[in-house]
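The values are calculated or read from the model by the stated rules, or taken from the named source; none is laboratory data. Because the structure is a prediction, the values reported are computed rather than measured. In this analysis, Cβ positions are derived from the backbone assuming ideal geometry, glycine residues included, and neighbour counts consider all displayed protein chains.
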Amino acid sequence: MNEESYQHILQGLLYVCGDEGLELQDAAGVLELTEEETKHQLNLLKQSMGEAVPGLQIQRFGSRFQLVTADSIAPYIEKLAEGPRQAKLSQAALETLAIIAYNQPITRIEIDDIRGVKSERAVQTLIHKALVQESGRAQAPGRPILYKTTERFLEHFNISSLEELPALEEDTEEPSTEEADLFFKELETENQEDPGSSYNTI
């Protein structure tokens, strides 16, 4: 396998791992290379992406590597997140927010398991809207990031504490968050109709 092939694989692995990051040891195992050889390939990929894909970059956090947006486009991402078309939360974001609200602190992998689909984009949307924030790391392999809701979350839905969230059914093995989704959606609608609400400030 040539170097370009290794870099294509690494790029895909970084994308799939999302905000959890790609562990050097895991990448080396997939590529069947030593960690030093894998690190060399990651450095080559970082250089090539800087030239070919300037909007993205690879950051290293200890033994983890993560694909992130370049600092130079941060103002544009914030502008997109704050735009009027982005104000209302999507169904995916509402589902993800409900899961975090009722299970915090929680990792993205755990969110994915509950939803049954990838939630990276929804989590990032909630972070950009300041409704969710990082809350340390779990004591698990890879030390995945934990997420929890913010004070802004309470303000956005006009509630004073998490205790005001509707109780979920407890007679099932995995309580459904459909009721919570509906609760958040109704609050979004109420806030949208009320010009003085916090909804329009996001």
Checklist entry - From the set of residues in the range 112-136 that are of a type outside the set (S, T, N, Q) and touching a strand residue (DSSP E or B) at 6+ places or on another chain (Cβ under 6 Å), which is nearest to Ala74 (Cα to Cα)? => result Leu126
Item to check | Residues that are without any contact (Cβ under 8 Å) to a residue 24 or more places away in the chain and of a type outside the set (Val, Ile, Thr), drawn from the range 2-25 | outcome: Asn2, Glu4, Ser5, His8, Gly12, Leu13
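With respect to Asp26, is the statement that it is modelled with pLDDT under 90 and either within 23 Å of the chain's Cα centre (by Cα) or at positive phi (or both) true? Steps first, please.
On the way: modelled with pLDDT under 90: no; either within 23 Å of the chain's Cα centre (by Cα) or at positive phi (or both): yes.
So Asp26 does not fit the description; no.
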Item to check | Failed criterion for Gln59 (all others in (1) in a strand (DSSP E or B); (2) surrounded by fewer than 18 Cβ atoms within 10 Å (Cβ to Cβ); (3) of a type outside the set (A, V, I, L, M); (4) modelled with pLDDT of 90 or more hold) | outcome: (4)
Item to check | Positions within the range 46-56 being over 23 Å from the mean Cα position of the chain (by Cα) and either surrounded by 16 or more Cβ atoms within 10 Å (Cβ to Cβ) or among the aliphatic types (A, V, I, L, M) (or both), in sequence order | outcome: Ala52
